[in-house]
Amino acid sequence: MNPALFLDRDGIINRRRVDDYVKRWEEFEFLPDIFGLLPKAHAAGFVVIVVTNQRGIARGLMTEQDLAEIHRQMQQELQQRTGHRVDAIYHCPHGRADGCDCRKPKPGMLLQAAAEHNISLAESWLVGDSESDVQAGIAAGCRAVLVDAAAPTSTVAETVAESVATTLASAWKYINTHATRGKSQNLISSKHQ
Ligand SMILES: [Mg+2]
Ligand SMILES: [Zn+2]
């Protein structure tokens, strides 16, 4: 069984579009920390899995095909720039009223990923920029770090995450030093590199 690093997409891998969705590749803007994180997470033994709510599909603003094309381009650029790609991408296309099991804060995407990728959820982590991400991670039995650029002045006291980081890079630092099970020996030694 492998530990996973579950990553939210919008606000973690790419810039979140306020009151909008990333509907085509031209609207996708990488946040820089992902390029450093991906090789390190793989070297530390994590399976890296994206779990993303994409309600724009339910709202008819984009199609499944549009999303697949965005993710194809995302993977291609990650490969070009880091030599790594994320190991899987799960998305929820549903709306708030659809009552699905996959839309975060529900843990459905993480549970499906665990079954399909031989993941040990108790050794896995979720990193997201919304409390609903953190709640999905905790509900799945993972540990979670909230990324909040405005911390500590924002309302992070409300979070159920075990740590709040201002960037993805600092979230990774926390995970790398606090992962205590599974491949922890690799994790602990890699921090000195
Ligand atoms: Mg997000
Ligand atoms: Zn769903």
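The values are calculated or read from the model by the stated rules, or taken from the named source; none is laboratory data. Quick caveat, the model's predicted, so the values are computed rather than measured. Backbone-built Cβ (ideal geometry, glycine too); neighbour counts: all protein chains shown.
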Reported set for region 130-144 where residues are crowded, with 18+ Cβ neighbours inside 10 Å, within 16 Å of ligand 1 (Cβ to nearest atom) and within 21 Å of Arg55 (Cβ to Cβ) is Ser130, Glu131, Asp133, Val134, Gln135, Ala136, Gly137
Within region 74-105, restricting to residues that are of a type outside the set (Val, Ile, Thr) and touching a Ser or Thr at 6+ places or on another chain (Cβ under 9 Å), the one that is farthest from ligand 2 (Cβ to nearest atom) is Pro105
Exception for Gly45 within (1) more than 16 Å from ligand 1 (Cβ to nearest atom); (2) within 19 Å of Ala171 (Cβ to Cβ); (3) in a helix (DSSP H, G or I) falls at (3)
* Asked: Do we find a residue being within 13 Å of ligand 1 (Cβ to nearest atom) and either assigned to a helix (DSSP H, G or I) or surrounded by fewer than 19 Cβ atoms within 10 Å (Cβ to Cβ) (or both) anywhere in region 74-82?
  -> no
Subset of region 94-128, residues within 21 Å of Leu37 (Cα to Cα) and within 16 Å of ligand 1 (Cβ to nearest atom), comes to Leu110, Trp125, Leu126, Val127, Gly128
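Does Gly182 satisfy the criteria of being modelled with pLDDT under 85 and among the small types (Gly, Ala, Ser)?
yes
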